[in-house]
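The structure under discussion appears below in the form of structure tokens.
The values are calculated or read from the model by the stated rules, or taken from the named source; none is laboratory data. In this text the structure is predicted, and so the values were computed from the model without any measurement. Heads up, the Cβs are rebuilt from the backbone with ideal geometry, glycines too, and the neighbour counts pull from every protein chain shown. For accessibility, only protein heavy atoms count, side chains too; no ligands or nucleic acids. Shrake-Rupley method; radii C 1.70, N 1.55, O 1.52, S 1.80 Å.
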Amino acid sequence: MSNEGQPFRPAVLEGVLERITYANEESGYTVARVDTGRGAGELLTVVGALLGAQPGESLRMEGRWGSHPQYGRQFQVDNYTTVLPATIQGIRRYLGSGLVKGIGPVFADRITTHFGLATLDVLEEEPGRLIEVPGLGPKRTRNITAAWEEQKAIKEVMVFLQTVGVSTSIAVRIYKQYGDDSISVVRERPYRLAADVWGIGFLTADRIAQSVGIPHDSPERVKAGLQYALSQSADQGHCFLPEERLIADSVKLLQVDTGLVIECLAELADDPEGVVREPVPGPEGEPVTAVYLIPFHRAELSLAGQLRRLLRTPEDRMPAFRDVAWDKALAWLADRTGATLAPEQEQAVRLALTEKVAVLTGGPGCGKSFTVRSVVELARAKKAKVVLAAPTGRAAKRLAELTGAEASTVHRLLELKPGGDAAYDRDRPLDADLVVVDEASMLDLLLANKLVKAVAPGAHLLLVGDVDQLPSVGAGEVLADLLAPGSPVPAVRLTRIFRQAQQSGVVTNAHRINEGLPPATTGLPDFFLFAEEETEDAARVAVEVAARRIPARFGLDPRRDVQVLAPMHRGPAGAGALNGLLQQMITPARPDVPEKRFGGRVFRVGDKVTQIRNNYEKGANGVFNGTVGVVTALDPVEQRLTVRTDEDEEVPYGFDELDELSHAYAVTIHRSQGSEYPAVVIPVTMSAWMMLQRNLLYTAVTRARKLVVLVGSRRAIAQAVRTVSAGRRSTALAHRLTGGAPV
């Protein structure tokens, strides 16, 4: 008999979700095991759209039956609804699963023992009665009541967002941002999500907008697309985009007429909260119309103005150095430190102590550290207040060790507050006569502006960094702009490699790479190459070297002392894949180690992790992109994981915030800036050929204090050494520093 013409009727399956074995945060695709209650403890595999479902929940799933060659019979889920469990055992399992913050297995048992089948009705209608349960005080009762309400509201938002394929963690973020207005914002103003909610870009907002019926050529869509194109370019380091390129990029992204894009751009330029258009010199000096997002335009104008103000001020908070007897001062210094400054180091010391703003640059082994120490020693000898800072916790620690004085991150120094405002600025400057900032190549435009604003008139600012490294992760290339021809900022570049540094293969090879020569990889005690042509082989060997061979031969801790640095995040030898392999070796699953699966990742106590966004709400003064730490605790009942950062701060993360953390056994070379490790392992393969550039390999090698191991092909290394980074970033800071009027 034919079924032709009859509508397809989905199969229905009911069961309790026992565990999630795989979940893709991006697509929501999930593989899980459910208990259908058929006895014998038999679990069934279900796959598909189970976004937001939690272990312990009873589900009613619609879909179809299928078979997998490896895993056998399984149910393909198209959609699901949650059904409250109807048995005491089911209710106990449901509440004890960690679904409701504050209720773990112990309290689930006590609550269900006390209320029996009425448990869920009590939670829903009379939550105050929870106080009847032994051990539940008023505070915990209030917390459980709030958590129950929140998870119910989030579930409603998730069920709605499921139809547009938004991941669990983003649904939680939307709810936290808008609360009960979540569904109306998503329906009526979906492009707001891209601006307001971290983790939602234009593409996700656009997909939601399409599903709620917003027209393809809506001006709201086009303006959001233009701002997205500008924020994407900022993520790639540009402070602005030339107007012609912005229009071309937006037409391609939005698939709409050029005329409509030009019209909407003009409207954005007229909007005080939109964009700024301004003529600036292009790469060859020709005028281009630059289009800026407002924060970057403001920061560029402000940073140039503040630097010029510091340079010109007649005040001087270190007047003692105007007419100091330098011969005597340098002799005293040599006696104190036990070493004499080379002529270019001496020049840098004089510059830092007599000029209001100065830059010190140079490669490894050229004496930057000793020069900084000398500046600090002399300043303190004259009773100057010296403040030391660096962009990362590790770099700040190193600066403190070097100078014997306290150093902090720039964020902590400025006491950045929620929203990104600093406690110290032009109206309330830092109480410092000399501010020294190390690893200044990492300073992006926005942070550099906040820092320079906080330097008091008459104080001295010394920026120290290696301009040949990769530029900052954030937009701009501040250090390079300050060193550009015609810059009013005085600078010294140290070029001489000191004799003791010449013994180091790490230092000599860093300079070889910077000069366009291949590194020497034979006969050195601290620089090795494991030649592997195939990418998968290189990944396997890199993991083996980092987790086993280096610890065995050099006695280094694989978690604390060894860092794998990959050119890219993606691919078989990318940081993402290597993290999975390294975690298996260094922090494997064990019955006694608690863990939490989040999306495609599993977090365990002992994991090395890194923060992947600036979050001003976390910790004492925010936790910032690139901060590294170790997971020290994981509480399934309170749904919280704790990280001890490299600044020795214990920072809690709710389980719904874990998309802010990534594993850090391997990180991209870009993310390693400002950090230094005893040993680094660098996979260099042709699969990363798009990223293979001289300053990338140079930055990776200069992260190592004692040991570098390259793993990969000689051809890929040669390509990296040969390829000079194509083109500068789009920034007009150098032009503004020279007092350049609009073009």
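Dipole orientation for the chain: of the candidates Gly580, Gly600, Pro279, Gly580 has the Cα lying most toward the positive pole (charges on Cβ; Lys, Arg +1; Asp, Glu -1).
Measuring spread by the Cα atoms of the chain yields a radius of gyration and Dmax of 29.1, 107 Å. Accessible area of region 151-298 with a 1.4 Å probe: how many percent of it is carbon plus sulfur? The computed percentage sits at 50.
Phi-derived couplings, Karplus 6.51 cos²θ - 1.76 cosθ + 1.60 at θ = phi - 60°, listed residue by residue for region 713-721: 9, 4, 5, 5, 5, 4, 4, 5, 5 Hz, with x used for Gly and Pro.
Rolling a 1.4 Å probe over the protein heavy atoms of region 327-384, with every protein chain left in place, gives an accessible area that is 45 percent carbon and sulfur. Taken about its Cα centre, region 234-360 carries a charge dipole of about 880 debye when Lys and Arg each add +1 at the Cβ and Asp and Glu each add -1 at the Cβ.
Here the chain is treated with +1 on each Lys and Arg Cβ and -1 on each Asp and Glu Cβ, and its dipole about the Cα centre works out to around 2060 debye. Centre-to-centre, using Cα atoms only, region 578-611 and region 650-718 are separated by 19 Å. The HN-Hα couplings worked out from phi for region 374-380 by the Karplus form 6.51 cos²θ - 1.76 cosθ + 1.60 (θ = phi - 60°) are 5, 4, 5, 4, 5, 4, 5 Hz, whole numbers, x standing for Gly and Pro. Sequence-distant contacts, meaning Cα pairs under 8 Å at least 6 residues apart, place the relative contact order of region 240-350 at 19 percent. Here region 167-201 and region 290-362 have alpha carbon centers that stand 46 Å from each other.
Past 24 Å, Cα to Cα, is the threshold; run Lys356/Lys383; Lys382/Lys706; Lys385/Lys450; Lys397/Lys417; Lys176/Lys252; Lys328/Lys368 against it and keep the listed order. From Lys356/Lys383; Lys382/Lys706; Lys385/Lys450; Lys397/Lys417; Lys176/Lys252; Lys328/Lys368, over 24 Å: Lys382/Lys706; Lys176/Lys252. Accessible surface computed residue by residue for region 638-743, with neighbouring protein chains in place and a 1.4 Å probe, gives 35 Å² per residue.
Counting only DSSP H runs of at least 4 residues, each contributing -39500 (n - 2.57), and dividing by the residue count of the chain, the helix-based mean residue ellipticity at 222 nm comes to -11000 deg cm²/dmol.
Note on region 41-101 and region 474-492: Cα centroid distance 58 Å, given to the nearest whole angstrom. Farthest toward the positive end of the dipole of region 156-251, out of His216, Gly237, Ile200, is the Cα of Ile200, where the dipole comes from beta carbon charges about the Cα centre. Per residue, region 161-245 exposes 43 Å² of solvent-accessible protein surface, assessed with a 1.4 angstrom probe and all protein chains in place. Considering only Leu494, Gly179, Leu565, whose Cα is most displaced toward the positive end of the charge dipole of the chain, charges sitting on Cβ of Lys, Arg (+1) and Asp, Glu (-1)? With unit charges placed on the Cβ atoms, the residue in question is Leu494. The mean accessible area for residues of region 453-512, using a 1.4 Å probe and ignoring ligands and nucleic acids, is 35 Å² per residue. Net charge dipole, region 407-480: roughly 300 debye, given to the nearest 20, about the Cα centre with Cβ charges of +1 for Lys and Arg and -1 for Asp and Glu.
Based on C-alpha pairs under 8 angstrom that are at least 6 apart in sequence, region 570-667 has a relative contact order of 26 percent. Using a/c under 1.5 as the rounded threshold, could you call region 194-261 rounded, prolate or oblate? The axes a ≥ b ≥ c are square roots of the C-alpha gyration tensor eigenvalues, and prolate needs a/b larger than b/c, oblate otherwise. Because a/c hits 1.5 or more and a/b fails to exceed b/c, region 194-261 counts as oblate.
Across region 80-158, Cα-Cα distances exceeding 19 Å account for 28% of all pairs.
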